[in-house]
Amino acid sequence: MDSTTLVKVENLTRFYQKHCAINQLSFSLEAGEVLGFLGPNGAGKTTTMQIITGNLAPSEGQVSINGFDIIESPRQAKQLIGYLPEHPPVYRDATVDEFLKYCAQLRRLKRAGIATAMAQAKANCGLNDVGHRLIGNLSKGYQQRVGIAQAIIHNPLVVILDEPTIGLDPIQIREIRSLIKTLGKERSVIISSHILSEVQATCDRVLIIREGKLIYNASIEALENQGKELSITVALKQPPGIEYLIEIDQVEHVETIDDNRFRLYFNSSSPAESVVKASVEQQWGLYELVPDRASLEDLFIELTRDKPVAGESRESRS
Amino acid sequence: MIMTIARREITAMFLSPLAWVILGVVQIILGYVFLAQLDNYFILQSRLLALENAPGVTDIVIASTFQVAAIILLMIMPLITMRTIAEEKRNKTLTLLISSPLSMTEIVLGKFLGLFLFVFILVSLLMLMPLSLYMGTDLDAGKLFSIYLSMLLLLGSFAAIGLYLSSLTDNQTIAAVSTFGALLMLWIINWLGESVADGQSVMTYLSLLHHYQNMLEGIFDSSDLAYYLILIVTFLVLTIRQLDRERLL
């Protein structure tokens, strides 16, 4: 299937007075892709999103949405975007239904289609029971959902959500994540977050930016593979001495965690099978065996803190 | 699209008690002023009979009531215009409009039209008082229309100035105070011009009062109309430019 590039960002640079918030940022987004935007606070995530949605003008560079430049033909470009900013832009003195109807009209939906679009958006965001309530009286989580509903009401090709799950309870978070996955099937979604597990759970691709520069751009699998470390942790009821463990095939080095737990380091192939075999033969009482993986957090911290920025942008999409 | 925004604007105004309170307060005060002028007319009536070509009830009662109305509304209008853009900025809801497929011109015109609809309601309610005089006497319909139109134009320009000053800040109080200052300044700006011999100085021309006065007297001069229209257009363009400029900051 031909993949179409929906969002194209080229050499985006943005200054706030003399402070450079984004520096030569370039990336693109295909249809049917969910892009996760990661970065420490103040890295330029929100600024980038504001530029893509036309809320801020870039100092340099171009953004085009399905071929429409956001500066030169803003109307066509904005028609294709649904945007949820950091603070959901909702009118506290309107009811959910009034507000969503207003949003549908602003996005130039035909009068006949408004009711269906509203019903669809409300069902997707779990707002069916609160249609008649004032937005100002809803909890933060519901206001957030109203914010998401206004972003998807006009069926945009590109949905941009700035920290969409903030303030939601765990059940709602799960619902929103599955909603994002559904959206990502036909549309492109960009979400920003600093919750790494969220990005891991929902995104196909990850961009990590730091101080306005792109320092990592890869598919989520590549990121996970990179996180793999060459060790496993075993827990034994009747542990033998370390000298026995080091004897096992492939094991290079053993580290004692506590009385029963050991970390086994290896070079290439995992010694898991040999460990199980040895445990059964010598009755060590193996009850736990976990392949270690450096958490995404570790990788994120390593990428955003330790490495020098220059020339680190990587393209390893499969 | 402009209508959609205007409708939302007017709905929001009437959802808060502010609009109702303003309508009520203005109506009560001007009702009292109207009554006082009417009373005054009865006292003068006998003397007016003696005059040839005496000013009628339209001049004495209605024109002077609306003269007071202009000054009261000069103080009230900033309270109506202050929230238009400043509140949206404070609540971060302006993003909704800017992210929607609308031009800045449509947004600003929608906001202005919303304000103007409120002005229309306000002035139309005030016009009911002079119309009630039709029950007892004949009025100069031409003059009445001239007063109505001048009131709409005057408040329209108040609204445009207020809209612009509201776009400069996210603080409603600052928007209200600066609007009040600007309106008052434009009102009294001709005080300096008075000393010039023929009274036709630039300062006089700039004064809101000067042009309003002409129309209250029933003199409908196209230059007065042009003055108000230019004032409104200028401040609307300034507002559009201000909102466009903010994306660059």
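Would you mind stating whether B:I43 is away from every other protein chain (no Cβ under 14 Å), surrounded by fewer than 20 Cβ atoms within 10 Å (Cβ to Cβ) and at pLDDT 90 or above?
Criteria not met by B:I43.
Exactly one of (1) of a type in the set (K, R); (2) more than 17 Å from the chain's Cα centre (by Cα); (3) at pLDDT below 90 is unmet by A:K101. Its number?
(3)
Has the stretch B:40-53 got any residue that is small (G, A, S) and under 20 Å from the mean Cα position of the chain (by Cα)?
No.
More than 27 Å from A:S28 (Cα to Cα) and either part of a helix (DSSP H, G or I) or out of contact with any strand residue (DSSP E or B) (no Cβ under 7 Å at 6 or more places or on another chain) (or both): does that describe A:A117?
Yes: the conditions hold for A:A117.
Scan the stretch A:170-191 and give yes if some residue there is more than 12 Å from chain B (Cβ to nearest Cβ) and under 27 Å from B:M13 (Cα atoms), otherwise no.
no
Just the residues that are surrounded by 17 or more Cβ atoms within 10 Å (Cβ to Cβ) and either modelled with pLDDT of 95 or more or not in a helix (DSSP H, G or I) (or both), please, taken from the stretch B:216-230.
Scanning the stretch B:216-230 gives a single hit, B:G218.
Take the conditions farther than 30 Å from A:F15 by Cβ, without any contact (Cβ under 8 Å) to a residue 12 or more places away in the chain and not assigned by TED's automatic domain parsing to the domain that holds A:I148 and apply them to A:E243. Does it pass?
So A:E243 fits the description; yes.
Is there any pair with a first residue in the stretch B:4-18 that is within 8 Å of chain A (Cβ to nearest Cβ) and a second that is among the polar types (S, T, N, Q) and in a helix (DSSP H, G or I) whose Cβ atoms are under 6 Å apart and which are 6 or more apart or on different chains, and what are they?
B:T4/A:Q105
Please count how many residues of the stretch B:231-249 are outside any helix (DSSP H, G or I) and surrounded by 15 or more Cβ atoms within 10 Å (Cβ to Cβ).
1
Yes/no matrix, rows are residues, columns are (1) assigned by TED's automatic domain parsing to the domain that holds A:R75; (2) within 15 Å of the chain's Cα centre (by Cα); (3) part of a loop (DSSP other than H, G, I, E, B):
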residue: A:G113; (1), (2), (3): yes, no, no
residue: A:K122; (1), (2), (3): yes, no, no
residue: A:V146; (1), (2), (3): yes, no, no
residue: A:L161; (1), (2), (3): yes, yes, no
residue: A:L168; (1), (2), (3): yes, no, yes
residue: A:I180; (1), (2), (3): yes, yes, no
residue: A:L183; (1), (2), (3): yes, yes, no
residue: A:H194; (1), (2), (3): yes, yes, yes
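Taking the condition of a type in the set (K, R), within 12 Å of chain B (Cβ to nearest Cβ) and on the phi < 0 side of the Ramachandran plot, does A:R133 pass?
Taking the combined requirement at face value, the residue does not satisfy it.
Within the group B:S146, B:S150, B:S132, which residue is outside any loop (DSSP other than H, G, I, E, B), hydroxyl-bearing (S, T, Y) and within 22 Å of B:L113 (Cβ to Cβ)?
Matching residue, one of B:S146, B:S150, B:S132: B:S150.
Quick check: is even one residue across the stretch A:82-94 farther than 19 Å from A:V130 by Cβ, assigned to a loop (DSSP other than H, G, I, E, B), touching a Phe, Trp or Tyr at 6+ places or on another chain (Cβ under 6 Å) and within 11 Å of another protein chain (Cβ to nearest Cβ)?
no
Give B:L128, B:L153, B:L133, B:L117 a once-over and let me know the one that is more than 22 Å from B:L243 (Cα to Cα) and without any contact (Cβ under 8 Å) to a residue 24 or more places away in the chain.
Answer to the selection: B:L128.
I'd like the residue in the stretch A:1-42 that is basic (K, R) and assigned to a strand (DSSP E or B) and, out of all such residues, is surrounded by the fewest Cβ atoms within 10 Å (Cβ to Cβ).
Within the stretch A:1-42, the match that is surrounded by the fewest Cβ atoms within 10 Å (Cβ to Cβ) is A:K8.
Look at A:S73 and say whether it is within 17 Å of A:V189 (Cα to Cα) and of a type in the set (G, A, S).
Considered against the rule, which asks whether it is within 17 Å of A:V189 (Cα to Cα) and of a type in the set (G, A, S), A:S73 comes out as no.
Please determine, by comparing only the residues of the stretch A:100-121 that are of a type in the set (D, E, K, R) and buried (at least 19 other Cβ atoms within 10 Å of the Cβ), which one is farthest from the other protein chains (Cβ to nearest Cβ).
By that ranking, first place goes to A:K101.
State all residues of the stretch B:99-108 that are facing chain A (nearest Cβ under 7 Å) and in contact (Cβ under 8 Å) with a residue 60 or more places away in the chain; if no residue qualifies, say none.
B:L102, the sole residue that qualifies.
Looking only at the stretch B:196-210, decide whether some residue is surrounded by fewer than 14 Cβ atoms within 10 Å (Cβ to Cβ) and either in a helix (DSSP H, G or I) or at pLDDT 90 or above (or both).
Yes, because at least one residue in the stretch B:196-210 is surrounded by fewer than 14 Cβ atoms within 10 Å (Cβ to Cβ) and either in a helix (DSSP H, G or I) or at pLDDT 90 or above (or both).
So which of B:I62, B:I71 is buried (at least 19 other Cβ atoms within 10 Å of the Cβ), more than 14 Å from every other protein chain (Cβ to nearest Cβ) and within 30 Å of B:Q45 (Cα to Cα)?
Exactly one residue qualifies, and that residue is B:I62.
Report whether or not B:L153 is within 14 Å of chain A (Cβ to nearest Cβ), hydrophobic (A, V, I, L, M, F, W, C) and buried (at least 16 other Cβ atoms within 10 Å of the Cβ).
Criteria not met by B:L153.
Among the residues of the stretch A:43-66, is any within 21 Å of A:T165 (Cα to Cα), away from chain B (no Cβ under 14 Å), buried (at least 16 other Cβ atoms within 10 Å of the Cβ) and in contact with a helix residue (DSSP H, G or I) (Cβ under 9 Å, 6 or more places away or on another chain)?
Checking the stretch A:43-66: at least one residue is within 21 Å of A:T165 (Cα to Cα), away from chain B (no Cβ under 14 Å), buried (at least 16 other Cβ atoms within 10 Å of the Cβ) and in contact with a helix residue (DSSP H, G or I) (Cβ under 9 Å, 6 or more places away or on another chain).
For residues that are not basic (K, R) and not in a helix (DSSP H, G or I), scanning just the stretch A:124-142, find the one that is nearest to the chain's Cα centre (by Cα).
A:C125
The values are calculated or read from the model by the stated rules, or taken from the named source; none is laboratory data. What you see is a predicted model; the values in this text were computed from it and never measured. Please note: Cβ atoms are built from the backbone with ideal geometry, for glycine as well, and neighbour counts cover all protein chains shown.
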